[in-house]
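J.: Shown below is the structure under consideration.
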Amino acid sequence: MSDVTESPSAWRSPSLGRWTLFAVIAIAVLAADQLTKGWVTGTLERGAAPTQVLGDWLRVVYWENSGILFGMLPRSGPAFGVVSLAVAALIVFYHYKAGRGIMTTICLSLLLGGAIGNLLDRLQYGAVVDWIDMGIGTARFWTYNIADAGITTAIVMLIVLTVFPVTTTWGADA
């Protein structure tokens, strides 16, 4: 039985089971993201009035973001697509090097699924399809999608993993 306090040099790589979990979560995020975006682009008109789901608090709208986070750097989709490929490769490499704990695996798989989902949008539409609109009245959160939700959750998890390093070894892979 492996001791999680062993030196980093003794770490080999995640087990087949951990790689499987990593792939399943990333594929689930990617599939949910692409299926919902396909539904949005196939049934809604871009820029049309939002459809209320839970009153004004949760609405569905078809919007495209040609930039990056929060619409910054508009019309930079193609350049950011290239960056996304490099980021996806780095996520997989980082999992190989540091995917010891279950939290790290979940975090990185959410990040990978979201990154690939938005990358596919950039390749197919030249922009990212956003459709979830939350807020109250005129105070709105940014419009986002399932991939963005996965990425945001992963970022919060990365902060937790950084602030509380012990969480990186929870459910450690032997």
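J.: What is the one condition in (1) within 23 Å of T20 (Cα to Cα); (2) modelled with pLDDT under 95; (3) within 16 Å of the chain's Cα centre (by Cα) that F80 does not satisfy?
T.: Of everything listed in (1) within 23 Å of T20 (Cα to Cα); (2) modelled with pLDDT under 95; (3) within 16 Å of the chain's Cα centre (by Cα), F80 misses just condition (1).
J.: Among all residue pairs at least 6 apart or on different chains, which show Cβ distances below 6 Å where the first residue, located in region 153-174, is within 20 Å of V29 (Cα to Cα) and modelled with pLDDT of 90 or more and the second is aliphatic (A, V, I, L, M) and surrounded by 14 or more Cβ atoms within 10 Å (Cβ to Cβ)?
T.: Filtered contacts from region 153-174: T153/L110; A154/L110; A154/L111.
J.: Something else about it: Restricted to region 126-148, and to residues that are modelled with pLDDT under 95 and polar (S, T, N, Q), which residue is surrounded by the most Cβ atoms within 10 Å (Cβ to Cβ)?
T.: It comes out as T143.
J.: OK, next. Sort out which residues of region 125-155 are under 18 Å from the mean Cα position of the chain (by Cα) and farther than 20 Å from L58 by Cβ, and write them in order of number.
T.: Within region 125-155, A127, A154, I155 meet the criteria.
J.: Same structure, new question: Of the residues that make up region 94-110, is at least one under 30 Å from D56 (Cα atoms) and modelled with pLDDT of 95 or more?
T.: Yes; the residues of region 94-110 include at least one that is under 30 Å from D56 (Cα atoms) and modelled with pLDDT of 95 or more.
J.: If we scan region 60-75, do we find a residue that is in contact with a Leu (Cβ under 8 Å, 6 or more places away or on another chain) and at pLDDT below 90?
T.: Checked against the condition, which is being in contact with a Leu (Cβ under 8 Å, 6 or more places away or on another chain) and at pLDDT below 90, region 60-75 yields at least one hit.
J.: State all residues of region 111-162 that are among the hydroxyl-bearing types (S, T, Y) and assigned to a helix (DSSP H, G or I); if no residue qualifies, say none.
T.: If the condition is that a residue be among the hydroxyl-bearing types (S, T, Y) and assigned to a helix (DSSP H, G or I), then Y125, T152, T153, T162 are the ones that fit.
The values are calculated or read from the model by the stated rules, or taken from the named source; none is laboratory data. Computed from a predicted model, the values in this text were never measured in an experiment. Neighbour counts are summed over all protein chains in view; Cβ atoms, including those assigned to glycine, are modelled from backbone coordinates with ideal geometry.
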